[in-house]
1. Considering only residues of the range 140-168 that are assigned to a loop (DSSP other than H, G, I, E, B) and not hydroxyl-bearing (S, T, Y), which is farthest from the chain's Cα centre (by Cα)?
2. Only residues that are assigned to a helix (DSSP H, G or I) and modelled with pLDDT of 75 or more: list them for the range 118-139, please.
3. Taking the condition more than 14 Å from M36 (Cβ to Cβ) and in a helix (DSSP H, G or I), does A174 pass?
4. Output the strands (runs of 3 or more DSSP E) that fall wholly within the range 207-291 and possess 2 or more residues being closer than 27 Å to I121 by Cα, touching a His at 6+ places or on another chain (Cβ under 6 Å) and among the basic types (K, R), or say none.
5. Between L37, L47, which is in contact (Cβ under 8 Å) with a residue 40 or more places away in the chain and buried (at least 18 other Cβ atoms within 10 Å of the Cβ)?
6. Of the residues A236, A187, A220, which is assigned by TED's automatic domain parsing to the domain that holds P169 and of a type in the set (A, V, I, L, M)?
7. Which of the following residues is at pLDDT below 95, of a type outside the set (A, V, I, L, M) and crowded, with 19+ Cβ neighbours inside 10 Å: G268, G296, G282?
8. Quick check on the range 316-340: of everything there that is in contact with a Phe, Trp or Tyr (Cβ under 8 Å, 6 or more places away or on another chain) and of a type outside the set (F, W, Y), which residue is modelled with the highest pLDDT?
Amino acid sequence: MTASDLIERARAGDGEAFRRLTEPHRAELHRHCYRMLGSFQDAEDVLQDTLLAAWRGLDRFEGRSSVRTWLYRIATNRCLNAFRAAGRRPAREWDVPEIEPPEPTRRGEVVWLQPYPEALIEPAAAMPLGPEARYEQTESISLAFITALQILPARQRAVLILREVLGYPATEVAEMLDSSVESVNSALKRARATLQRRLPDRDGDSPPAPASPAEQALVAKFARAYESSDIDALVALLTDDVRVSMPPMPLEYLGRAAVTGFYNALMGADRRYHLVPTRANGQPAFGTYLRASTDGIRRGTGLLVLTLAGDRIGAVTRFDNSVLPWFGLPRSLPFQDGVR
């Protein structure tokens, strides 16, 4: 059945036809909303709003563009509305009462950031890209890229994603945003300049390939050091300019000395963690579980996402335990003899 047939049936109220029309684009639209908003939960909400708007507005679809482009137009503008409506969320303060963290190096600009489960990234390879796309799909979902996007003004963010991640030409982007080609090109120029200052050098130390022996070896060393609270071994795996952040808390520690102080505080008082491997944003990650001294149950404390740089770790981003279910990880692990 052709797209035209599905559109006609959907306009007549056939929900299954509408599902067949939109389902092939659902995963990529979700990633688009995530890039725009930096929030997995907000992306879910905006995607549902987008599909509802498309269902209600199907009679107004004139067929001058593809269904995919039409859906991207709706999704992008819904994201812009969500961005304006959300306002500025307050940062969350340090919430581990038994630990006093050292003074941070700085307070981060982007705190309302969430990780993206690897299982939802895998279909990206089949996503059609325009000829003007400049970012690889894996790069465009990385935490560094998503964080940098959140610093951009909303319309610059939309233009950069549509032009350089998805590869839409300036004329189509202008139509999507009810703007002019000149305005789109100007926004893209400013967005590029900001990202060039914020993102690591793309020609710098490349991370090892996912699941490669080099990546597995480095990640295994990190897990051993973290679980045994061997701070010297842990810090030896980090780059000189390593960054530790923990959204939605704004605390950031930059450089080995500051990170050493943070981990000394975090792992003091005989606190022992158990790590469960997973992947987020195309990067190695771990669910972290702290063993209780009373019943031996290991309770989930958060998710660590590692940003690799060559044969070292350039950043560790910690998210709170509310994200664990998105990765199929439990809130707690039962007592296991011999596991500390």
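1. As a first pass, look at the range 140-168 and keep what is assigned to a loop (DSSP other than H, G, I, E, B): 142, 152-153, 166-168.
Going one step further and asking which of them are not hydroxyl-bearing (S, T, Y), we end up with 152-153, 166-167.
Values: L152: 15, P153: 18, L166: 17, G167: 20 Å.
Looking at the filtered set, the residue picked out is G167.
2. We begin by selecting, within the range 118-139, every residue assigned to a helix (DSSP H, G or I); these are 118-120, 122-126, 139.
Passing the criteria: E118, A119, L120, E139.
3. On the way: more than 14 Å from M36 (Cβ to Cβ): yes; in a helix (DSSP H, G or I): yes.
For A174, the condition - more than 14 Å from M36 (Cβ to Cβ) and in a helix (DSSP H, G or I) - is met.
4. Numbers: elements: 238-246, 249-254, 273-280, 283-291.
Of the strands (runs of 3 or more DSSP E) lying wholly inside the range 207-291, none has at least 2 residues that are closer than 27 Å to I121 by Cα, touching a His at 6+ places or on another chain (Cβ under 6 Å) and among the basic types (K, R).
5. Values: L47 fails: in contact (Cβ under 8 Å) with a residue 40 or more places away in the chain.
Among L37, L47, only L37 is in contact (Cβ under 8 Å) with a residue 40 or more places away in the chain and buried (at least 18 other Cβ atoms within 10 Å of the Cβ).
6. On the way: A236 fails: assigned by TED's automatic domain parsing to the domain that holds P169; A220 fails: assigned by TED's automatic domain parsing to the domain that holds P169.
So the residue among A236, A187, A220 that is assigned by TED's automatic domain parsing to the domain that holds P169 and of a type in the set (A, V, I, L, M) is A187.
7. On the way: G268 fails: crowded, with 19+ Cβ neighbours inside 10 Å; G296 fails: crowded, with 19+ Cβ neighbours inside 10 Å.
The conditions single out G282.
8. At the first step, the residues of the range 316-340 found to be in contact with a Phe, Trp or Tyr (Cβ under 8 Å, 6 or more places away or on another chain) are 323, 326, 332-333.
Right, trim to of a type outside the set (F, W, Y) and you get 323, 332-333.
On the way: V323: 96, S332: 91, L333: 90.
Among those that are in contact with a Phe, Trp or Tyr (Cβ under 8 Å, 6 or more places away or on another chain) and of a type outside the set (F, W, Y), it is V323.
The values are calculated or read from the model by the stated rules, or taken from the named source; none is laboratory data. All values reported here derive from a predicted model rather than from experimental measurement. Quick reminder, even Gly has a Cβ in these numbers, built from the backbone with ideal geometry, and neighbours come from all protein chains shown.
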